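First comes the structure, then the notes that go with it.
A short reminder: the numbers here are calculations on the coordinates, not readings from a lab. Since this is a predicted model, take the numbers as computed values, not measurements. Virtual Cβ from ideal backbone geometry, glycine too; neighbours counted across all protein chains shown.
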Amino acid sequence: MRRILLATLLALPSCADQGGGATLNYYFTYDPRSLDPALSTDVPTGEVVSLLFDNLTQFDADAQLIPGLARAWDTDPSGQRYTFHLRTGATFHDGRPIKAADVRASLLRALAPGVTGGRSWPLYPIRGARAYAAGESKGVDGISVPDDSTVILTLEEPLNIFPKLLAMPVAAIVPTPVTADFDQQPVGSGPWKFVSWSHDDAILLARNERYWQGQPQADSLRIRIIPEPLTQAAEYEAGQLSVVEVPVGETRRWEQTHADELQRRPGLKALYVAINTTRGPLKDLRVRRALNHAVDVPTLLTTAFAGRGVPAAGALPPGLAGYDSTRSPYRYDPAEARRLLAEAGYPKGFSLRLWRTQRAELARLAQSIQQGLGEVGIRAEIVERDASSARAAVRNGEADLFLTDWWADYPDPENFNYPLFHSRNKGPGGNYAFLADRMLDSMIVRARATTDEAEKTSLARAIDARVFELAPWIFLWFPVDIWAAQPDVQGWRFPLVFTGQRWLEVKRTQ
Amino acid sequence: MSRFLLQRVALLIPTLLGVLAITFLLLYVAPGDPVQAMVGERADPETLARLRAELRLDDPLHLQFAHYVSGVVRGDLGTSYITRRPILQDLLQRFPATLRLAGAAMLFAAVLGITIGIYGAWRPGSWPDRVSAFGAYLGVSFPVYWVGLILILVFAVNFRWLPPSGSGGGLAYLVLPALTLGMRSVAFLSRMTRAAMQEVLQSDFVRTARAKGLKETRVVLAHGFRNALLPVVTVLGLDFGSYLTGSILTETIFSWPGVGRYVLTAIDKRDLPAIQGSILFLSMVFVLVNLITDILYARVDPRVAYD
């Protein structure tokens, strides 16, 4: 209904007019929790932190790791000791130069038990960090600062993704001690300076003219808070937003009316149904494979998601090392599903519960999955809850199936393999399938530790193949993101990782 | 009158205490874990346990409740689990936006609804009356969500007369959300006013007024409308109360930074103190509006105060 209305009512041509002044207009779907990096647990907070602050390392729009406040870094042969060399000339927005001591103080602050951010895990690999965060020790002996421009971080064990973890918002460098209202009026060192924040309304940032990477092209960046996707689209069509994510239901129309403005690429994310491998019939591999054969993924993708996805034959999305484009997904084959169920001792099927959150786009998907399962004799009852209740039940192992997705925090196969499939992360850690496979665990651990890139990639590929074989998920697809940028906006690319677009090169030509 | 007022105010206290106890208990038994909502994905069990202890979520129910009530009595609605800001401050920051929107919607509804209603009663069966009856039918039938989006598409996207959403500061930002929000009230008010007026206009004193040779406008407005006010005030009061307590749909569609969205976010994030604080605050607003309505009642019809 909504789509038809939009299609008819918006059929008139729209000319973008963003008004004068070099202000770029962006938006978040909800208000950031805070502007303090230590409290960045959600995407809007992480994004705005990446604009206001700097990290030792950072990501570009293509999710490549590039130097940040550290101009270079090196690793000792063990892969356990990282030395970061800071660039000279970088300053906080208040003019104070950034020194190695600031890095140390910032990391300690993010870990400090009193901050209760709850999201300091990217720093846990540092030796002594976990104990410090738990309030069991007074310092972190893995952080040392030999001089003003060198920071040495020693890890508990070798971890090749560590420089990527330092690009996460929680590891941003802040001017300590911070002011009491730091979460509302932050002082950072990033390309944009804080101007104002009207909650649930807008955040205004001004360019940092002294930024070490060169000042941003635009004068200011206004970030509106717009919760409703169709309103976001309308704001763009009225010329009030510089860029917008195209709503799924609008895909077909925008592909015709805004063809030249669209950017599409597969995001670093996966849409899947976690199968709890510890519950009843789902313990049986044949049953889990039967579930995969029972769902018609290609049809679902076309009908419910406007074809915005790449069918998944594993958990690693295209764009990550280890993705194997040659492996075929489980094919839709109800007869094979019934055969597998009969072989496993369930010729008449069984009943289970499929959990989902209240996200509207998942409703139709859950029903289609339910229908597919029903056709092979599996009676699925859909349980719909708000996100936190659903997640709590799933983490406690109470859900048979859980329809959800996973977005990469940092661009590395480890960010899928370790949290989603290592037995240590069962439940709250992200392994909602409660998978515990010794072979998989050992490969994941090896892939985390190796300093050899080629070995890391081949391990990632082998892990993904093993995951596919064990069928801990109903593999659905890797969503393809589609964004539009106004014709007068130049230099904007939508980032693969949420912190990967810092709006430095973006400008308006009119 | 003062005794009437005292009685009403005294009734507020048990009402609010009831709200306090019920919200606290309901949220306690509702499924979900606020700490897991706080930390997002990839939480380790130690962090979860530490935060749970810090937030006193491990305390027995009666201790948690006592702690909460003692805060409320001191005027402290607590601190949000998610934003770490005082809840009362967050609510007070957003309330002016809600007040502005509710006021505009109410003004629009009152002016249009009452005018249509009076005209309909004065000239029943005329074509404007029939059109307005149909309009009222549509007004209560169309979902707010749909109307809001259509208004945005027509007036903001196609004609570019008004901004699509946001609060901006200017009056232009208020027009579409106020129309969307007030639409149902226009429908109700017009029908309510029409019915009440029709009854009054057929009564003997109106006939007498006309027989005295008074001007028709004076007969209808001064003699007729004054006596039809009671049901109109009821609808105005109830609708205004519900608008002030947050219009979640309208605020969401129009990105309006009011309390409705604050409550919605709090529920979504399972921010227990923010949910409890908001409900208490909004209940207070609602009962206050009801109180004012009651007082207006007594002014309009002094018999009410003596009942």
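Take every DSSP beta bridge whose two residues both sit in the protein assembly as shown; close to 75 percent of them are antiparallel.
Taken residue by residue and averaged, Cβ atoms of other chains lying within 10 Å of the Cβ of B:252-260 number 4.
Within the shell defined by Cβ-Cβ distances under 15 Å, the residues around A:T83 carry a net charge of +1, with Lys and Arg each +1 and Asp and Glu each -1.
In sequence order, the range A:445-454 has phi-based couplings of 5, 5, 5, 6, 8, 4, 9, 9, 4, 5 Hz under the Karplus curve 6.51 cos²θ - 1.76 cosθ + 1.60, θ = phi - 60°, and Gly or Pro positions carry x. Counting only residues at least eight positions apart within a chain, or on another chain, the aspartates and glutamates with an alpha carbon under 13 Å from that of A:K507 are A:D219, A:D488. Here the simple spin-label model places points 7 Å from the Cα toward Cβ, and for B:M284 and B:L25 these points are separated by 2.3 nm. The H on the amide N of A:L352, modeled in the peptide plane, is under 5 Å from the matching H of A:R379, A:A380, A:E381, each at least 5 residues off or on a different chain.
Residues A:T57, B:T98, arranged from fewest to most other Cβ atoms within 10 angstrom of their Cβ, appear as A:T57, B:T98. Amide H contacts for A:Y432 (H built 1.01 Å from N in the peptide plane; partners 5 or more residues away or on another chain; cut-off under 5 Å): A:G427. From largest to smallest, the equivalent ellipsoid semi-axes obtained for chain B from the alpha-carbon gyration tensor read 44, 26, 13 Å. When the C-alpha to C-alpha distance is required to be over 23 Å, the pairs from A:K164/A:K456; A:K99/A:K456; A:K283/A:K348; A:K348/A:K426 that qualify are A:K99/A:K456; A:K348/A:K426.
Take every DSSP beta bridge whose two residues both sit in the range A:247-401; close to 10 percent of them are antiparallel.
The fewest-to-most ranking of B:I150, A:I98, A:I444 by surrounding Cβ atoms within 10 Å reads B:I150, A:I98, A:I444.
Go ahead and estimate [θ] at 222 nm for chain B from helices alone: -39,500 (n - 2.57) per DSSP H run with n ≥ 4, summed, over the residue count, rounded to 500. Calculated mean residue ellipticity at 222 nm is -24000 deg cm²/dmol. Taking every alpha-carbon pair within the protein assembly as shown, the share separated by more than 34 Å comes to 58 percent. Backbone geometry of the range A:197-211 corresponds, through the Karplus equation with coefficients 6.51, -1.76 and 1.60 at θ = phi - 60°, to 3J(HN,Hα) couplings of 9, 9, 4, 6, 10, 6, 10, 10, 10, 10, 5, 8, 5, 9, 5 Hz, x marking Gly and Pro.
Taking every residue in A:399-407 and counting other chain Cβ atoms within 10 Å of its Cβ, the average works out to 0.
Near B:T265: Cβ cut-off under 9 Å, other residues only, Lys/Arg at +1 and Asp/Glu at -1. The net charge is -2. Each of B:T250, B:T47, A:T457 has some number of other Cβ atoms within 10 Å of its Cβ, and from fewest to most they run A:T457, B:T47, B:T250. Taken about its Cα centre, chain B carries a charge dipole of about 1260 debye when Lys and Arg each add +1 at the Cβ and Asp and Glu each add -1 at the Cβ. Summary of the geometry: the range B:160-201 and the range A:155-190, compared by the centres of their Cα atoms, lie 48 Å apart. Bridgeable aspartates and glutamates around B:K212 (alpha carbons under 18 Å apart, same-chain partners fewer than 8 residues away excluded): B:D204.
Distant-in-sequence amide contacts of A:V246, defined by a placed amide H-H separation under 5 Å and a gap of 5 or more residues or a different chain, comprise A:I482, A:W483, A:A484.
Backbone phi angles across the range B:176-186, fed through the Karplus curve with coefficients 6.51, -1.76 and 1.60 (θ = phi - 60°), yield HN-Hα couplings of 5, x, 5, 4, 4, 5, x, 4, 5, 5, 4 Hz in residue order; Gly and Pro are listed as x. Subtracting the Cα-Cα distance of A:E157 and A:R331 from their residue separation scaled by 0.36 nm leaves 58.6 nm.
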